[in-house]
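Student: Structure provided below as structure tokens; questions to follow.
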Amino acid sequence: MAFKSFLHHRDCRDYQWIQDDAAGKADFIVGRDVSVGIKTVKRKVAPRPDYTMQITAQHAHEPVQQFFFLTYEFQRRVMWFLGGISRDMFLQHAQFYQDGDWVHDNYQVRGHDIYNTDMGHFTPPDVWLGQVLAI
């Protein structure tokens, strides 16, 4: 819903929100058939520039062209729009971690494998949207 609101407030009407049987598929089709997977992480605090974002290995190869990342600061009930990146670029920059690996001192991967990368690789939300609509 937050991403739909973002599109609406940017006067983007050229999208389709996929709500039926979306597991493992695109969440949105934006512009001229650009498939987008929305990825959200819940955190206790606001995002910092040194934070990384991850995708479970199971979802890293879903049939989408782009990923768009958000983080939900649940104690303040604030959704942060971090930006987007093509799936191929995400995987090019991401490091693979297996279940049990430590990403950093405060985060051990549990229950699944992940791909993780620095948020510095993401294109800011408004710039990303402009690029996606130009494809």
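The values are calculated or read from the model by the stated rules, or taken from the named source; none is laboratory data. Keep in mind that this is a model prediction, so the values were computed, not measured. Reconstructed Cβ throughout: ideal geometry from the backbone, glycine too, with neighbour counts over all protein chains shown. Heads up: the accessible areas ignore ligands, DNA and RNA and are worked out on the full protein's heavy atoms, side chains in. Shrake-Rupley method; radii C 1.70, N 1.55, O 1.52, S 1.80 Å.
Student: Residues in the range 71-96 that are in contact with a helix residue (DSSP H, G or I) (Cβ under 6 Å, 6 or more places away or on another chain) and within 21 Å of Val109 (Cα to Cα): how many?
Tutor: Here the count works out to 1.
Student: Any residue in the range 31-50 that is touching a residue at least 40 places away in the same chain (Cβ under 8 Å) sitting within a Cβ distance under 9 Å of a residue that is exposed (fewer than 10 other Cβ atoms within 10 Å of the Cβ) and not in a loop (DSSP other than H, G, I, E, B)? List the pairs, counting only those 6 or more apart or interchain.
Tutor: Filtered contacts from the range 31-50: Gly31/Ala134.
Student: Further, regarding this structure: Any idea which residue in the range 19-30 is farthest from Arg110 (Cα to Cα), counting only those that are among the aliphatic types (A, V, I, L, M) and touching a residue at least 24 places away in the same chain (Cβ under 8 Å)?
Tutor: Val30
Student: Now for a separate question. Can you give me the number of residues within the range 1-18 that are in contact (Cβ under 8 Å) with a residue 12 or more places away in the chain and open to solvent by 90 Å² or more (accessible area, probe 1.4 Å)?
Tutor: The total comes to 2.
Student: Still on this model: Can you tell me which of Ile38, Ile18 is in contact with a Phe, Trp or Tyr (Cβ under 9 Å, 6 or more places away or on another chain) and farther than 16 Å from Leu70 by Cβ?
Tutor: Step by step, each of Ile38, Ile18 is checked, and only Ile18 is in contact with a Phe, Trp or Tyr (Cβ under 9 Å, 6 or more places away or on another chain) and farther than 16 Å from Leu70 by Cβ.
Student: If you check Arg77 against the conditions, is it of a type in the set (Lys, Arg) and over 16 Å from Gln58 (Cα atoms)?
Tutor: Judged against the criteria, Arg77 is a match.
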